[in-house]
Structures are given as structure tokens and as C-alpha cells.
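Q: Before I ask anything, let me first share the structure, which is written out below as C-alpha cells.
The values are calculated or read from the model by the stated rules, or taken from the named source; none is laboratory data. A quick note: this is a predicted structure, and the numbers were derived from the prediction, not measured. Cβ placement follows ideal geometry from the backbone for every residue including glycine, while neighbour counts extend to all protein chains displayed. Side chains are part of the model used for accessible areas, which takes the heavy atoms of the whole protein and leaves out ligands, DNA and RNA. Shrake-Rupley method; radii C 1.70, N 1.55, O 1.52, S 1.80 Å.
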Amino acid sequence: MKLFTKYNRINVISTVIIFLIGCIAFAVLLRYVVISQIDEDLKIEKNEILTYVARNKHLPGIIEVRDQYTTYEQVASPVFIGKSIYTKEAYSTAEQEKEIQRIIKFNVNVNGRWFLVSVSKSLAGTDDLIHSIIIITITLILLILITTFFINRFVLRRLWQPFYETLQSMQNFNLSETQAIHFKETAIDEFNYLNKVSANAMTKAQRDYQTLKEFTENASHEMQTPIAVIRSKLDMLIQNENFSEADSKYIQNAYTALQGLSKLSQSLLLLAKIENNQFNEKADFDLKELLESKINQFDELWKGRNIVIDCGISNCMIHGNFYLLDILLNNLLSNATKYNIQQGTILIYLVESRLTITNTGANHALNKDALFKRFAKQNSTSESHGLGLSIIYQICQASGFTCTYNFKEPDQHIFSISF
């Protein structure tokens, strides 16, 4: 949910709740005030009747007043009234219908005779007034909500526009570019501060990237040269027949270690280049042709180890870097070969933008948590440097592919790449 939508929702809900509570409280208070005023009028009317009787020794005549009704009823003795003022639904002769009335009753003695006097006032006008006020209040609430909605929609959207422009600039940011980062100046201090911090962070990232890129390029050149020199010297020593068998063994071990160091150096440099996005050249090509070429390269090796191959390859057009895809397939097939068993099997299927390579091997599943981590070895005695699967994972990440591993009993290890 966007911040703008979240704010609008909270603002509208809280405004509606506040206005509804206020409207209900206002209606209750207004009704209380109006009824209190009517009660005061009824008490005044009672006092006037009692005063008139005391002075004139008879009941005053009934004067027709709108929404007010007075009746006299002769009784044998004073009537117990209880609550003197109350609300009751009664029939109105003037309106010819039932209506809610506020009534006061009291006893009065006129020349030795008792009368029950009833004075009532209609609440119909009061209810109509309250209804009108409520309707007006609700209308005002709706107008305020509509006005607030449009203000939030247009004014706040404009206020937040610099923020979205900053996000767009950060989304389009490319580490490989060397041009300076600039953001538009805004009238909002917080956005200017955000732009300043973002520009500094992005500039620092560019500098760090350039430094790492230069190190990668220099290391790629400088490390290979001494390794090549050492290898050539070892080649010359190996050809010397004057060494004893023990010396030859030591030289051979050094040569093997140097080859491992060379592979390790190349793998680490490759990982650094992938992480630095130095393989930006991408194109569309058919993976089927590249996969078939790789299978032909491994064919002799598989025959030498009596490994049975089963293939099901369909056309699969993908978009990616050809060099990285070549390394990806090479590492997948090398992994399936290196950790296979004698007279094992390798199943290779390329169907519907999904490559699955299954090989026989250890009769237990590999540790998925450490499978694609650098220098993670499933077998401590393995001579591998533990970067092959890490390179596969990094290539998939850089290319937008998904790499998964599964184990099927008794000994099938399944690696799947979804393009």
C-alpha cells in the first residue's frame, strides 16, 4: 500500500469517526437543551395558572396556542402524579395525528373543588428542528470530506512529487556511469536533505565501484603473469631428468597446487566481475545449440567413466550474456560429472524455459543452506575450492534466472534453472 493511500485512508476514517461522534453528541445536547427549555416553559405555565387561581378563585380560560394544549379535569381528591413532567405519545386534535408531547400535570384547589390540570407541548417541531440541524451537519461533513479528499489527492500528490522523482533517479542509477549525481532543488527541506544524503551515498558507491573495478582488472592481469611464470619454470623442472623420484614428486605437487591457485584466482575474479555487473552485453539466442555443443565436449569424458546420458532438449530462446551462459552450462555439467559415481547416469532436460540436470551421486541430500555459498564444501576431503556452485548462483542472480536444488532417493541430485 502506498504512503499516500495509507494516509488518505487513516485521515478519512478518523475524520468520519470524529464527525459522527460530534454529530451524535451535538444532537443529544441540542435535544437536551430544547427539552429543558420546554420544561421551563411548562413550569412557567403552571405557576401562571396557580397564581391566576389564587387571585381570581377560578380557573383561567383555555387559550389556543400553537403546539400547546391545556386541559382541566375535575377530580374528587388530589391525584397522585409521581413524575410531574414526562414525555408521552398523545393524539393531537390540531394535527389529527399522534405526536410526541412533553406534559406537566398538577392538582389545583378552586373554591373547595379539586382539578387535575394538564399542560402539554408538542415536540414535533423540536424533532423537526433537530432533524434539520442533523441533515445540515451531515451535509457539511460530506462537503468537508469531499474537499479534504480532493485537497489530499492533488495538493499532497504535488507535494510528494519530488520524492517520487528522487526514487526514479535512484532506480535508474547505474554504478558504471561516471557522471555526477544531481537532484532537483525543491521547496521542501526534508526532500532536499533526502536528496543530499542520497547523492552522497550514490557518489560514494560510484567511487567504491570504480576502485573495485580497477582492482579487479589489475588483479586479473597482475596475478596471472607470475602464475604463468611459475608454471613455465615448473614445466622446465619436470623435464629435467637429474631429479630424484622424491624431488619430482615435490615438483608435481607444487604444479598441482599452482593449477588450483590459478583456478581459484580465475573463479574469484569472475565472481567479482559478475557482482560488479561487468557483463552487460546481452542478446537473444537459442540455448539448445549451446547446450548441445557442451554435451559434445563432455561426451568423451562421460564415455571414459561409463556414465549413461539421457537427454531431452527442446528449443529455448533466452536473453542473456553468452559468455556467462557458457560458464553456467560448463559448471553445471562439470559438477554433475565430478560428483557422479562410476557407471552412473546424467539426465539433461531443456523444456519450456527450464533446464534440469540430474546426476547420481552421494546417497544423501546436500546441505541446501550452504550449497551456494563460497568455499562451502559438502565433503571436507574434496580438492575442489567450493566456488563452482557459487558461480552458478551468481550468474543466475545477475541474469534474472532461478536456481534450485532437490534430492530424490536413493541417489539422484537435481539442479534446475528457470529462465
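Q: Select, from L268, L264, the only residue that is under 23 Å from I327 (Cα atoms), open to solvent by less than 60 Å² (accessible area, probe 1.4 Å) and touching a residue at least 12 places away in the same chain (Cβ under 8 Å).
A: Numbers: L268 fails: open to solvent by less than 60 Å² (accessible area, probe 1.4 Å).
Going through L268, L264 in turn, the sole match is L264.
Q: Could you check, for the range 217-228, whether at least one of its residues is open to solvent by less than 80 Å² (accessible area, probe 1.4 Å), modelled with pLDDT under 80, in a helix (DSSP H, G or I) and within 19 Å of N277 (Cα to Cα)?
A: Checked the range 217-228: at least one residue is open to solvent by less than 80 Å² (accessible area, probe 1.4 Å), modelled with pLDDT under 80, in a helix (DSSP H, G or I) and within 19 Å of N277 (Cα to Cα).
Q: Here's another thing I want to ask about it. Please go through (1) of a type in the set (A, V, I, L, M); (2) touching a Phe, Trp or Tyr at 6+ places or on another chain (Cβ under 9 Å); (3) modelled with pLDDT of 80 or more; (4) open to solvent by 60 Å² or more (accessible area, probe 1.4 Å) for L167 and return the number of the only condition it doesn't satisfy.
A: With respect to (1) of a type in the set (A, V, I, L, M); (2) touching a Phe, Trp or Tyr at 6+ places or on another chain (Cβ under 9 Å); (3) modelled with pLDDT of 80 or more; (4) open to solvent by 60 Å² or more (accessible area, probe 1.4 Å), L167 is out only on (2).
Q: Something else now. Could you give me the residue pairs with C-beta distances under 7 Å whose first residue belongs to the range 329-343 and is at pLDDT 90 or above, whose second residue is open to solvent by 70 Å² or more (accessible area, probe 1.4 Å) and outside any helix (DSSP H, G or I) wherever it lies, and which are 6+ apart or on separate chains?
A: none
Q: What about F183, is it open to solvent by less than 60 Å² (accessible area, probe 1.4 Å), in a helix (DSSP H, G or I), modelled with pLDDT of 75 or more and over 28 Å from A272 (Cβ atoms)?
A: Working: open to solvent by less than 60 Å² (accessible area, probe 1.4 Å): yes; in a helix (DSSP H, G or I): no; modelled with pLDDT of 75 or more: yes; over 28 Å from A272 (Cβ atoms): yes.
Here the answer is no, as F183 does not meet what is asked.
Q: Output the residues belonging to the range 52-85 that are closer than 17 Å to I103 by Cα and in a strand (DSSP E or B).
A: V65, Q68, Y69, T70, T71, Y72, E73, I85
Q: May I ask you to verify whether F298 is of a type in the set (A, V, I, L, M, F, W, C) and in contact (Cβ under 8 Å) with a residue 40 or more places away in the chain? Give the steps one after another, and end with the answer.
A: Numbers: of a type in the set (A, V, I, L, M, F, W, C): yes; in contact (Cβ under 8 Å) with a residue 40 or more places away in the chain: no.
Considered against the rule, which asks whether it is of a type in the set (A, V, I, L, M, F, W, C) and in contact (Cβ under 8 Å) with a residue 40 or more places away in the chain, F298 comes out as no.
Q: Out of curiosity, is D41 on the phi > 0 side of the Ramachandran plot and surrounded by 10 or more Cβ atoms within 10 Å (Cβ to Cβ)? Let's see the steps before the verdict.
A: Numbers: on the phi > 0 side of the Ramachandran plot: no; surrounded by 10 or more Cβ atoms within 10 Å (Cβ to Cβ): yes.
Criteria not met by D41.
Q: Do you know which residues across the range 21-38 are open to solvent by less than 60 Å² (accessible area, probe 1.4 Å) and under 23 Å from F106 (Cα atoms)? Reasoning before the result, please.
A: Filtering the range 21-38 for residues open to solvent by less than 60 Å² (accessible area, probe 1.4 Å) gives 22-23, 25, 27, 30, 34-36, 38.
V34, I35, S36, I38, listed by residue number.
Q: Which one of K88, K121 is in contact with a strand residue (DSSP E or B) (Cβ under 8 Å, 6 or more places away or on another chain), touching a residue at least 60 places away in the same chain (Cβ under 8 Å) and outside any helix (DSSP H, G or I)? Full working, then the answer.
A: Details: K88 fails: touching a residue at least 60 places away in the same chain (Cβ under 8 Å).
Result of the check over K88, K121: K121.
Q: For the range 396-419, what are the residues that are out of contact with any Ser or Thr (no Cβ under 9 Å at 6 or more places or on another chain), crowded, with 16+ Cβ neighbours inside 10 Å and not in a strand (DSSP E or B)?
A: A398, S399
Q: A further question follows. Looking only at the range 182-232, count how many residues are free of Cβ contacts under 8 Å to residues at least 24 places away in the same chain and either over 30 Å from S262 (Cα atoms) or among the charged types (D, E, K, R) (or both).
A: Of the residues in that region, 21 qualify.
Q: From the list I274, I251, I313, pick out the single residue that is open to solvent by less than 70 Å² (accessible area, probe 1.4 Å), out of contact with any His (no Cβ under 7 Å at 6 or more places or on another chain) and closer than 22 Å to V351 by Cβ.
A: Details: I274 fails: closer than 22 Å to V351 by Cβ; I251 fails: closer than 22 Å to V351 by Cβ.
After applying the criteria, what remains is I313.
Q: Can you go through I49, I17, I10, I21 and tell me which one is in contact (Cβ under 8 Å) with a residue 60 or more places away in the chain and assigned to a helix (DSSP H, G or I)?
A: On the way: I17 fails: in contact (Cβ under 8 Å) with a residue 60 or more places away in the chain; I10 fails: in contact (Cβ under 8 Å) with a residue 60 or more places away in the chain; I21 fails: in contact (Cβ under 8 Å) with a residue 60 or more places away in the chain.
Going through I49, I17, I10, I21 in turn, just one is in contact (Cβ under 8 Å) with a residue 60 or more places away in the chain and assigned to a helix (DSSP H, G or I): I49.
Q: Let me ask another. When you go through D310, D286 one by one, which is the residue that is at pLDDT below 90 and of a type in the set (D, E)? First the steps, then the outcome.
A: Details: D310 fails: at pLDDT below 90.
Selected residue: D286, the only one of D310, D286 that is at pLDDT below 90 and of a type in the set (D, E).
Q: Sort through N340, N335, N331, N321 and tell me the only one that's under 27 Å from L371 (Cα atoms), open to solvent by 10 Å² or more (accessible area, probe 1.4 Å) and under 35 Å from the mean Cα position of the chain (by Cα). Before you say what the answer is, go through the steps one by one.
A: Numbers: N340 fails: under 35 Å from the mean Cα position of the chain (by Cα); N335 fails: under 35 Å from the mean Cα position of the chain (by Cα); N331 fails: under 35 Å from the mean Cα position of the chain (by Cα).
Going through N340, N335, N331, N321 in turn, the sole match is N321.
Q: Restricting to the range 352-365, and then to whatever is more than 15 Å from T404 (Cβ to Cβ) and open to solvent by 70 Å² or more (accessible area, probe 1.4 Å), can you tell me which residue is nearest to the chain's Cα centre (by Cα)?
A: Filtering first and then ranking leaves E352.
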